[in-house]
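Chemist: The structure under discussion is supplied below as structure tokens; questions concerning it will follow.
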Amino acid sequence: MTTTVFVSGATGFIAQHIVKSLLLKSYNVVGSVRSVSKGEHLKSLFNSSQFTFEVVEDVQKAGAFDDALKKHPEVTVFLHTASPFHYNATNVEEELLKPAVNGTKNALAAIKNFAPQVKRVVVTSSYAAVSTASKETDPNHTNNEDTWNETTWEESKTNNRLGYRGSKTFAEKAAWDFVKDEKPNFTINYVNPSFVFGPQAYDSELKESLNTSSEILNGFLKLTPELPVPEVVGGYVDVRDVAKAHLVAFEKDIANERLLMNAGRFCGQDILDIINKDVKSLQGKVPVGEPGKGKEINGKMCKIVNDKTKAILGFPLIDLETTVVDSLTQILNKPRL
Ligand code: NAP
């Protein structure tokens with residue numbers, strides 16, 4: 001019998017790749033979206049009779065997922081990706097922290113109460129839940145699958161960056177607590193990606209302004225040669241690998257694992273070096289900076305060790321050059337109106 005997978009937040013950058021991967025492997029997919037029009041849009045995008053949608057307007061409303069799951073007793077796998085990822089909140093607690101945490105609690109409670117046939121759950125968490133912001137610039141510190149962001153709820157409320165990190169941390173913690181306290185029928189694995197780059201699942205999803213992580217690379221296209229090198233630093237992973245990891249996370253016989261999805265570190269200089277070497281149409285249009293200096297900049301950051309994750313995944317991760325070139329090529333090739 002064909003397995004049916006529920007994917008919350010199916011419109012998202014990562015979720016579209018997950019749904020695409022699921023459909024390619026002939027799973028049935030029920031995606032949750034915030035409106036009928038968004039659902040219809042996805043139906044035409046995925047163009048598959050194996051994709052259907054349910055409207056969940058706001059994941060943080062009590063009982064948000066109850067009706068959707070009652071209607072789909074065939075669902076046996078639940079992937080929870082829906083969560084706000086932006087740095088535009090005017091009230092960090094209300095717009096980032098609470099939706100992330102309550103959305104996760106609502107999803108898990110709905111599965112326990114109305115979908116006892118669900119055995120496997122995957123929660124899309126983040127490297128933000130693994131890493132404490134203040135330790136990122138300590139080269140003697142190491143983050144791995146067992147480390148946690150130690151920032152408190154109160155500290156997380158103070159700005160958008162800490163708020164997003166806190167939202168992912170407290171949402172993931174809520175899921176661990178749910179399993180411990182409620183002892184549900186299902187097991188959970190977590191996918192914890194660094195900044196996710198790579199092309200949109202469909203060219204037609206390219207907008208003037210993209211999802212938060214894709215916009216980091218898109219921003220490089222708006223530079224001019226005399227500008228300073230953008231100060232962005234972080235870990236990266238390609239969206240196609242993140243999608244594959246969500247499938248591994250429920251297909252393999254594993255539980256209570258955090259898949260720390262990180263292919264390496266990058267900084268603004270690294271991105272410019274790749275653009276200046278590989279993207280011919282941008283040469284002379286973006287800063288040059290100090291080619292090769294990225295190694296020194298990245299060396300001042302903490303280490304990220306994810307050998308356990310790589311062993312579970314069993315496939316190599318896409319490198320920075322490929323993810324950057326593929327992302328930018330898709331944007332540059334988009335027909336202009
Ligand atoms: P995205 O494109 O902004 O997708 C977010 C998804 O969540 C969208 O489907 C959005 O719906 C939905 N959503 C947000 N708030 C909601 C609410 N209150 N009620 C219902 N739906 C809501 O971002 P993404 O990069 O794909 O992120 C997906 C997941 O991966 C998130 O959990 C994020 O924290 C995590 N993650 C992302 C990265 C990254 O670098 N991209 C790294 C680590 C973890 P609409 O489309 O209708 O707004």
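Throughout, read-outs are computed from the coordinates displayed, never taken from laboratory work. Note that the coordinates shown come from a computational prediction; the quantities given were computed from them, not determined experimentally. Every residue, glycine among them, receives a Cβ derived from its backbone with ideal geometry; neighbour counts consider all protein chains shown.
Chemist: So if we plug the beta-carbon distance of Thr90 and Glu231 into 1/(1 + (r/R0)^6) with R0 = 25 Å, what FRET efficiency do we get, rounded to 0.05?
Modeler: E between Thr90 and Glu231, to the nearest 0.05, is 0.55.
Chemist: Rounding to the nearest 20 debye, state how big the charge dipole of the chain is about its Cα centre with +1 on each Lys and Arg Cβ and -1 on each Asp and Glu Cβ.
Modeler: 520 debye
Chemist: Can I ask one more? R0 = 30 Å: FRET efficiency of Arg161 with Asp307, Cβ-based, nearest 0.05?
Modeler: 0.60
Chemist: If you fit an axis through the alpha-carbon atoms of helix 13-24 and take the longest principal axis of the Cα set of the chain, what angle between them do you get, 0 to 90°, nearest 10?
Modeler: Roughly 60 degrees between the two axes.
Chemist: With a point put 7 Å past each Cα toward its Cβ, work out how far Thr224 is from Lys300 in nm, to one decimal.
Modeler: Between Thr224 and Lys300, the label points sit 2.8 nm apart.
Chemist: Treat the count of other C-beta atoms within 10 Å as a stand-in for reagent exposure and order Val36, Val121 from fewest to most.
Modeler: If I rank by nearby Cβ atoms, fewest first, I get Val36, Val121.
Chemist: Only Cα pairs within less than 10 Å get springs; with that Gaussian network setup on the chain, which residue of Leu210, Leu272, Leu79 has the largest fluctuation?
Modeler: Leu210
Chemist: GluC sites (Glu not before Pro), restricted to the range 1-90: which are DSSP loop and have at most 14 other Cβ atoms within 10 Å?
Modeler: Glu57, Glu74
Chemist: Can you tell which of Asn106, Pro84, Val59 lies farthest toward the positive end of the dipole of the range 58-134, using +1 and -1 charges on the Cβ of basic and acidic side chains (Lys, Arg; Asp, Glu)?
Modeler: Towards the positive end, the residue furthest out is Asn106.
Chemist: Can you check what the net charge comes to around Ala109, using other residues whose Cβ is under 11 Å from the Cβ of Ala109 (Lys, Arg +1; Asp, Glu -1)?
Modeler: Residues near Ala109 contribute 0 overall.
Chemist: Suppose only helical runs count, i.e. DSSP H with n ≥ 4. What mean residue ellipticity at 222 nm does that imply for the chain under -39500 (n - 2.57) per run, divided by all residues and rounded to the nearest 500 deg cm²/dmol?
Modeler: Computed ellipticity for the chain at 222 nm equals -11500 deg cm²/dmol.
Chemist: Also: Among the GluC sites (Glu not before Pro) within the range 86-156, which fall in a DSSP loop and have no more than 12 other Cβ atoms within 10 Å of their own Cβ?
Modeler: Glu150
Chemist: Testing the spin-label approximation: label points 7 Å from Cα along Cα→Cβ at Leu332 and Met1. State their distance in nm.
Modeler: Here the answer is 5.0 nm between the modelled labels.
Chemist: Over the chain, with a Gaussian network built from C-alpha contacts below 10 Å, which listed residue (Ser213, Ser125, Ser32) shows the highest mean-square fluctuation?
Modeler: Maximum among the listed residues: Ser213.
Chemist: Further, regarding this structure: Enter the Cα centre distance for the pair the range 88-111 and the range 1-45, rounded to the nearest angstrom.
Modeler: The range 88-111 and the range 1-45 have Cα centres spaced 21 Å from each other.
Chemist: Which FRET efficiency value, to the nearest 0.05, do you get for Gln117 and Asp146 by plugging their Cβ-Cβ distance into 1/(1 + (r/R0)^6) with R0 = 30 Å?
Modeler: 0.40
Chemist: For the range 36-158, give the magnitude of the charge dipole about the Cα centre (Cβ charges: +1 Lys/Arg, -1 Asp/Glu; no others), in debye to the nearest 20.
Modeler: Roughly 580 debye, rounded to the nearest 20.
Chemist: Under a point-charge model restricted to the Cβ atoms of Lys and Arg (+1) and Asp and Glu (-1), what is the dipole moment magnitude of the range 199-305 relative to its Cα centre, in debye to the nearest 20?
Modeler: Computed about the Cα centre, the dipole is about 240 debye.
Chemist: Between the range 263-299 and the range 184-245, what's the alpha-carbon centroid distance in Å?
Modeler: Cα centroid of the range 263-299 versus Cα centroid of the range 184-245: 17 Å apart.
Chemist: So for the chain, taking the charge dipole from beta-carbon charges (+1 Lys/Arg, -1 Asp/Glu), which of Ser214, Val33, Pro116 sits furthest toward the positive end?
Modeler: Among Ser214, Val33, Pro116, the one farthest towards the positive end of the dipole of the chain is Pro116.
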